[in-house]
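The structure appears right after this line, and notes come after that.
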Amino acid sequence: MSRGKSKRNEKSATKEAPEVVERLAALQDAEEDAASLTIGSKGFRETFGRLLVQVFHHRGLLLGASALMVLGVAAGLVTPWIFGYAVDHAILPKNRDLLAQLAVVFFFLRSFG
């Protein structure tokens, strides 16, 4: 009975062995790639150089995306300021017209920001 089990274990072990060898080879390749990309190495300079070429080629998109990110952050920072201004200048003095204007600005910013 134990002999039959050991034959099955041998068969499964021989089937799994190539997978294990492939995984180990892939890990070694990944380690070599990571080592070649350390700062100051030749691989890093080559990779960074290729990246800079692509960034330069798409500089308009990069600048546009950066500008939109800055606008998004600014819109997020305006929201607390609007609430503070509304409390100080519209709610406490009971200025409903100014409160309505600030509400429109707030909802405009929240819908696009």
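Laboratory data are not the source of any read-out in this text; all were calculated from the coordinates shown. Computed from a predicted model, the values in this text were never measured in an experiment. Because the Cβ atoms are built from the backbone with ideal geometry, glycine has one as well, and the counts that use them run over all protein chains shown.
Out of every Cα-Cα pair that the range 60-113 contains, those further apart than 18 angstrom amount to 43 percent. For a label point 7 angstrom out from the Cα of VAL55 toward its Cβ, which stretches of the range 29-47 have the backbone nitrogen within less than 16 Å? Output list for this probe position: 39-40, 44-47. Quick one: if the Förster radius is 41 Å, what FRET efficiency do ALA35 and PHE106 give, using the C-beta to C-beta distance and rounding to 0.05? It comes to 0.20.
Put a dot 7 Å past the Cα of PHE44, heading toward its Cβ, do the same for ASN95, and the two dots end up 5.7 nm apart.
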